[in-house]
Amino acid sequence: ISHHPPVAALHATDEEHDIELVWCHQCVPNFNGKRQLKLLSRGETYEMNSPNLLIRFLPLPGVDWAGNVTISCKENGLEAELRYGPKSFFGLRGSHRSVKGKVYETATKRTLFQLNGHWDRTVTAKDNNSGKSRVIYNAEEVFSGLKTPVVNDLKGVRSTESAAVWSELSEAIMSQNWEKAKEAKNAVEEKQREVLRERELKGTPWVPQHFSVTYTKDGGWECSPIQQWVPPAPIVLPLS
């Protein structure tokens, strides 16, 4: 929705289960933004911030989530606090890719569940009343169930679709042709710069097609979907 500064928004809906998800992130130098998950049939809205995405080049390249995340729901009076733990710079300290936290009542601060695990493996929740624990997230099950995206409507795929824009780069990466990948990446970026120059020459402001956007110093970026439901996409991800 914005290139300077880079701001990205996402809107996903599931009409069958009455679920809506909205993200709004400014991606410099880390992901600063807000997320909303709405369970429409229950009348509940969960608001949360995003952990920081750490990209390391030394001593070994890698990517980590780090920082504190707060999830709150005014309708049911519950909150959750999560801490994402990264590996230390030299890899000698810290719990790599760990997640620790708790779920508690907002009014009384009484802890209901203790959360513990790793976001690339499993996360468990321990009931403070019964003392019993159960796995609430299993990364292997989640990722093993992912399907290859399918093109449902080839004519409906627009030139601005990510799959179309980055198709040559994706093919080069899959074939491990790094020189071609570099050329494809540069071509996409140069085309975007050209579009920006043309827009500036014409004095045409950029207006997002699917979101209304506002910005304040105190509240940051706010992205509101224009449509209530996301229309059927030409490229879909099978769920079963």
Computed from the beta carbon distance with a Förster radius of 41 Å, FRET efficiency for D153 and S133 to the nearest 0.05 stands at 0.35
Using the C-alpha atoms of the chain, what convex hull volume per residue, in cubic angstrom, is computed? 193
Kirkwood Rh over alpha-carbon pairs of region 51-146 plugged into Stokes-Einstein at 20 °C, 1.002 mPa s gives a D in µm²/s of 145
Footprinting proxy, D64, D14, D218: sorted fewest to most Cβ within 10 Å, the residues are D218, D14, D64
Note the angle between two axes, namely the Cα long axis of helix 178-202 and the longest principal axis of the Cα atoms of the chain, as a number of degrees from 0 to 90, rounded to the nearest 10. 70
Proximal lysines to K217, defined as alpha-carbon separation beneath 19 angstrom and excluding residues fewer than eight positions away on the same chain: K34
Among the lysines, which fall within straight-line cross-link reach of K132, defined as a Cα-Cα distance under 26 Å, with same-chain neighbours fewer than 8 residues apart omitted? K100, K102, K109
Can you give the extra length, in nm with one decimal, that the chain gains between R121 and E75 once fully stretched, where that is 0.36 nm per residue apart less the Cα-Cα distance? 13.5 nm
Per the 1/(1 + (r/R0)^6) rule, R0 = 51 Å and r from the Cβ atoms of E140 and R197, FRET efficiency to 0.05 is 0.60
Ignoring trypsin sites (Lys or Arg not before Pro) buried by more than 14 other Cβ within 10 Å or outside DSSP loops, the longest site-free run in the chain is 159-216
Cross-link reach from K38 to lysines, straight Cα distance under 20 Å and at least 8 residues apart if same chain, gives K74
Among E20, E161, E105, which one shows the biggest mean-square fluctuation in a GNM of the chain, springs joining Cα atoms closer than 10 Å? E161
Relative exposure of H210, H11, judged by other C-beta atoms within 10 Å (fewest first): H210, H11
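Bear in mind that the values in this text are calculations on the coordinates, not laboratory data. Bear in mind that the values here come from a model prediction, so they are computed numbers and not experimental data. All Cβ positions, even for glycine, are placed from backbone atoms using ideal geometry, and neighbour counts span all protein chains on display.
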